[in-house]
Amino acid sequence: MNYRLKSLFFFSLAFPMMLGAQVRVEQLLEKGWKFTREDQATFSNEQLNDSKWQSVTVPHDWAIYGPFSINNDKQLTAITQDGQKEDMEHAGRTGGLPFVGVGWYRLNFTVPNYAKGKQCVLLFDGAMSHARVYINGKEACYWPNGYNAFAVDATPYLHAEGTNTLAVRLENETESSRWYPGAGLYRNIRLIVTEDAHVPVWGTQLTTPVVNKEYAQAVLKTSLDVPAGKSIADYRIVTDIKDPSGKVVATQTQQGVFHEGVGNRFEQQFDINQPQLWSVDTPSLYTAVSKIYEGETLKDEYETRFGIRSIEVIPGKGFFLNGERVQFKGVCNHHDLGPLGAATNEAALRRQIRILKDMGCNAIRTSHNMPSTELVNLCDEMGMMVMAESFDEWKTAKVENGYHKNFDEWVEKDLVNLLHHFRNNPSVVMWCIGNEVPDQWSGKQGPKLTRMLQDICHREDPTRPVTQGMDAPDAVVNNNMAAVMDVPGFNYRPHKYIENYTKLPQEIILGSETASTISSRGVYKFPVERRSMQKYDDHQASSYDVEHCGWSNLPEDDFIQHEDLPYCIGEFVWTGFDYLGEPTPYYSDWPSHSSLFGIIDLAGLPKDRYYLYRSHWNKEAETLHILPHWTWEGREGEVTPIFVYTNYPSAELFINGKSQGKRTKDLSVTVENSGDSLSLATFKRQKRYRLMWMDTKYEPGTVKVVAYDKDGKAVAEKEIHTAGKPHHIELIPDRTQLKADGKDLSFVTVRVVDKDGNLCPMADNQISFKVKGKGIYRAGANGNPASLESFQEPKMKVFYGMMTAIVQTSEEPGSITLEATAKGLQKATLELTSEK
Ligand code: GAL
């Protein structure tokens with residue numbers, strides 16, 4: 001258990017003395033939970049015997065354990081957003097996993113240092129979904145939205161001493177989602193115990209109204225909940241501002257003053273000289289440490305972590321962070337973590353951010369819902385901007401049991417919680433109030449709701465711009481919905497950007513959702529042609545990166561707009577990682593059940609497209625990537641195009657030493673001269689960003705590329721080889737030194753290679769895993785969107801030669817060995833270590 005204890009100090013005038021009690025205790029409720037999929041009203045009873053229920057730890061996603069089935073939430077419907085006119089069977093739309101139905105969780109807990117007058121809150125970071133929380137048999141809270149954080153005041157329900165019982169009933173309806181939502185207590189739950197006077201949950205608001213290199217001003221508003229008969233005037237606040245190294249750089253003391261209309265709130269202002277600004281490259285974090293006193297008695301100690309940075313959107317010019325123009329090189333991500341399901345895990349999120357940053361990505365859109373605390377905190381720490389999103393539906397339905405059923409009653413509460421939760425996080429630079437809501441088609445409802453929701457954002461946080469993702473560019477320009485937004489966000493249809501710019505008052509365009517290019521790692525289709533909604537017998541899509549959906553496009557169709565049009569402020573690609581559900585275009589084609597949109601597959605392995613984005617987004621790093629693989633038994637003599645993704649302007653290609661010619665990125669291609677159908681079909685835009693040899697013929701051997709810089713100097717080279725027979729297994733961990741906390745993970749890339757270490761790109765061997773020592777096999781994934789293999793069973797087939805195996809530490813430190821074996825292959829072992 002994680003304790004954060006703050007000491008209560010007693011100050012006599014001459015001798016400060018520690019009494020040892022704690023004014024604030026925070027504890028994660030992770031262990032000791034009982035769980036069942038049965039449903040009885042008596043399950044909330046305090047005395048219930050739950051000993052036969054399954055023992056689980058939280059975060060827990062009950063559905064990720066499967067099994068997959070075509071009947072799990074099979075939706076008979078027409079997805080009108082995708083242009084479907086008639087109902088059809090959508091088998092894998094929500095991932096084909098058993099998340100529908102009821103689940104109960106129970107926990108016996110004691111409240112540390114509990115005494116009369118104290119307050120105890122349970123803070124749920126999200127519970128999927130329709131949570132009913134019972135404390136000692138009494139219903140204490142109902143919260144329908146499965147993504148949102150909510151706080152439950154447990155104080156009135158607690159026993160004066162001893163053990164308390166917490167029971168949570170969750171229920172997921174059929175047809176309530178367009179993707180895999182996960183199920184259960186999939187995010188953290190915190191128990192927070194405070195004194196009678198305390199800062200409530202999310203009770204501070206820290207803004208930095210003045211920011212420059214020499215000086216910053218920080219304003220901290222601190223709400224205080226006080227017992228009956230008291231007011232803020234009875235309390236004093238002392239706040240230290242600590243810089244990223246922990247040094248106190250400003251201190252303020254203030255006696256509370258009650259003002260009608262403001263209530264019990266302190267307001268403090270700080271001068272910070274030579275501030276260390278927060279940015280994507282320098283994610284410097286400050287902390288405001290506030291102590292609340294009643295007389296000389298410490299009542300609370302509260303920390304507000306923040307960053308000092310300015311954000312500005314300037315018409316015609318773009319988005320500015322600390323006065324510098326920054327374009328969003330962003331990705332949309334769903335919340336699931338592939339084989340881990342929706343269960344939050346810090347190591348997994350950290351890995352995702354690491355992979356994205358290496359690609360040059362600087363922003364994540366939390367499509368289409370409220371993110372977890374851990375994700376946003378990690379973005380603060382690692383330097384990643386966040387567009388924090390709220391809803392996929394307003395009043396008009398997308399799915400039968402979607403958010404429209406709760407909209408009227410819950411929308412303000414849900415939005416306020418999101419805003420309060422994350423308004424001190426510097427990584428959050430924009431709020432997103434909706435995604436492709438069908439209300440956009442209405443005359444007045446769309447703009448009216450837009451205005452209402454944006455006003456709520458401004459009321460709760462006047463510092464950040466608000467956007468939404470709109471996919472009906474004509475409708476929203478005509479009904480003024482787009483004109484209402486701080487930042488008009490358009491999903492797809494980049495060919496409308498120029499026209500909409502001329503019509504909109506903001507003179508800014510955000511690509512809130514772009515590309516939706518589809519591909520499967522390791523899969524290449526011939527002939528290489530641009531294709532829309534193409535399906536194949538193997539349920540995959542081509543990694544030549546030439547395939548997209550009916551409404552979407554290829555990466556370059558977005559690159560060119562955001563590079564050439566000064567008012568385009570960047571894009572959020574659909575998606576960074578593949579996710580469970582939405583196997584478009586394989587709507588009815590079970591066993592397809594996870595997406596093909598990702599730049600990175602469900603196992604976290606980069607597809608070729610990763611290197612295309614990297615070559616364009618991360619210009620400082622060298623990218624020199626050749627595709628496809630060069631092991632094409634049976635294609636001898638056939639045209640097998642070769643693409644090179646590189647940050648260099650030109651390169652020469654050799655097959656078995658024979659030059660195939662030099663290619664140079666064609667900078668004469670512009671938005672205007674490349675949008676016609678012939679240009680699109682002949683890859684005109686691609687020629688500006690990729691180097692392509694369309695006529696190369698396959699012969700076994702070596703493909704080599706030599707890259708040249710802008711002065712024509714050969715600066716880098718790379719080779720790939722035809723692979724021989726599968727020979728042995730390679731294990732490549734992302735990390736070898738782990739934390740012995742029972743949660744840390746090592747993501748191990750598993751490759752089937754020939755005797756010389758070349759990847760065997762056609763290998764589909766089944767690998768079996770054993771973990772010995774101080775860890776367990778947590779899960780595995782191979783990135784095949786049509787695989788029904790269990791994520792948890794320690795065996796899986798490699799998909800086009802690769803997969804990822806995930807090892808989890810136990811709480812005991814020591815060494816961990818992962819062993820991988822397969823018929824006909826030499827086995828591999830990997831040593832990891834964990835420390836406390
Ligand atoms: C968008 C939608 C996303 C996803 C995507 C697939 O229209 O906002 O949630 O469905 O299409 O291309």
## Note on the structure
Karplus-derived 3J(HN,Hα) from phi for region 495-504 (6.51 cos²θ - 1.76 cosθ + 1.60, θ = phi - 60°), whole Hz, x at Gly and Pro, runs 5, 8, 4, 4, 5, 5, 4, 5, 8, 9
### Query
Under 5 Å between amide H atoms, partner at least 5 residues away or on a different chain: which partners does LYS299 have, H built in plane at 1.01 Å?
ILE292, TYR293, GLU294
## Note on the structure
Net charge (Lys, Arg +1; Asp, Glu -1) of residues whose beta-carbon lies under 11 Å from that of VAL477, VAL477 excluded, is 0
### Query
Straight-line reach from LYS213: which lysines have a Cα under 19 Å away, not including same-chain ones fewer than 8 places off?
LYS242, LYS247
### Task
Pull out a ≥ b ≥ c, the square roots of the eigenvalues of the alpha-carbon gyration tensor of the chain, then state rounded if a/c is under 1.5, prolate if not and a/b is larger than b/c, and oblate in the remaining case.
prolate
### Task
Multiply the residue separation of ASN401 and ASN478 by 0.36 nm, subtract the distance between their alpha-carbon atoms, and state the gained length in nm to one decimal.
24.8 nm
### Task
Search the structure for amide H atoms under 5 Å from the amide H of PHE306, placed 1.01 Å from N in the peptide plane, and list their residues when 5 or more places away or on another chain.
TYR286, THR287, ALA288
### Message
For SER815, what accessible surface area do you get with a 1.4 Å probe? Give it in Å², rounded to 10.
### Response
70
### Query
Over region 713-784, what percent of the accessible surface lies on carbon and sulfur atoms, probe 1.4 Å?
49
### Task
Net charge near SER815: determine it from the other residues with C-beta under 11 Å of the C-beta of SER815, scoring Lys and Arg +1 and Asp and Glu -1.
-1
### Coil-residue trypsin sites (Lys or Arg not before Pro) of region 159-220, DSSP, other Cβ within 10 Å capped at 11
LYS213
### Message
From the phi angles alone, apply the Karplus equation (6.51, -1.76, 1.60; θ = phi - 60°) to region 772-787 and give each ³J(HN,Hα) in whole Hz, x where the residue is Gly or Pro.
### Response
10, x, 8, x, 9, 7, 8, 5, x, 8, 10, x, 7, x, 10, 8
### Query
What is the magnitude of the charge dipole of the chain about its Cα centre, with +1 placed on the Cβ of each Lys and Arg, -1 on the Cβ of each Asp and Glu, and no other charges, expressed in debye to the nearest 20?
1160
### Query
So what is the accessible area of region 266-309 per residue, in Å², with the probe set to 1.4 Å?
37
## Note on the structure
Cβ-Cβ cut-off under 9 Å around ALA603, Lys and Arg +1, Asp and Glu -1: the net charge is -1
### Message
Under a Cβ-only charge scheme (Lys and Arg +1, Asp and Glu -1), can you give me the dipole magnitude of region 222-292 about the Cα centre, in debye to the nearest 20?
### Response
200
#### Entry: Within straight-line cross-link reach of LYS739, aspartates and glutamates at Cα separation under 15 Å, skipping those fewer than 8 residues along the same chain
GLU346, GLU811, GLU812, GLU831, GLU835
### Task
Return the whole-Å distance between the Cα centroid of region 494-524 and the Cα centroid of region 731-782.
37
### Message
Once you order the gyration tensor axes a ≥ b ≥ c over the Cα atoms, which shape class does region 324-403 get: rounded for a/c under 1.5, otherwise prolate or oblate by comparing a/b with b/c?
### Response
oblate
### Query
If the cut-off is 28 Å between C-alpha atoms, which lysines fall inside it for LYS52, apart from same-chain ones fewer than 8 positions away?
LYS31, LYS34, LYS138, LYS743, LYS774
### Summary
From the cross-link list LYS221/LYS291; LYS607/LYS658; LYS619/LYS697; LYS299/LYS413; LYS329/LYS607; LYS413/LYS448, the entries with a Cα-Cα span beyond 21 Å are LYS607/LYS658; LYS619/LYS697; LYS299/LYS413
#### Entry: Principal-axis tilt of helix 555-564 within the chain, Cα atoms, nearest 10 degrees
70
### Task
For helix 346-359, report the angle its Cα long axis makes with the longest principal axis of the Cα atoms of the chain; keep it between 0 and 90° and round to the nearest 10°.
50
### Burial ranking of peptide ranges 310-317, 400-407, 357-364 (average Cβ count within 10 Å, highest at the top)
357-364, 400-407, 310-317
### Message
With unit charges on the beta carbons (Lys and Arg positive, Asp and Glu negative) and the dipole taken about the Cα centre of the chain, which residue among ALA154, PHE654, CYS361 sits farthest to the positive side?
### Response
PHE654
### Query
In region 718-813, what GluC sites (Glu not before Pro) fall in a loop by DSSP, with at most 16 other Cβ atoms inside 10 Å?
GLU811
## Note on the structure
Rounded to the nearest 10, the angle in degrees between the Cα long axis of helix 373-382 and the longest principal axis of the Cα atoms of the chain comes to 70
### Query
Given H placed on each backbone N at 1.01 Å, which residues far from HIS90 in sequence or on other chains put an amide H within less than 5 Å of it?
GLN75, LEU76, THR77
### Message
Which of rounded, prolate or oblate describes region 148-212 when judged by the alpha-carbon gyration tensor and an a/c cut-off of 1.5?
### Response
oblate
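The values are calculated or read from the model by the stated rules, or taken from the named source; none is laboratory data. None of the values given here were measured: they were computed from a predicted structure. Glycine also receives a Cβ, built like all others from the backbone with ideal geometry; neighbour counts cover every protein chain displayed. Remember, those area values only see protein heavy atoms, side chains included, never the ligands or the DNA or RNA. Shrake-Rupley method; radii C 1.70, N 1.55, O 1.52, S 1.80 Å.
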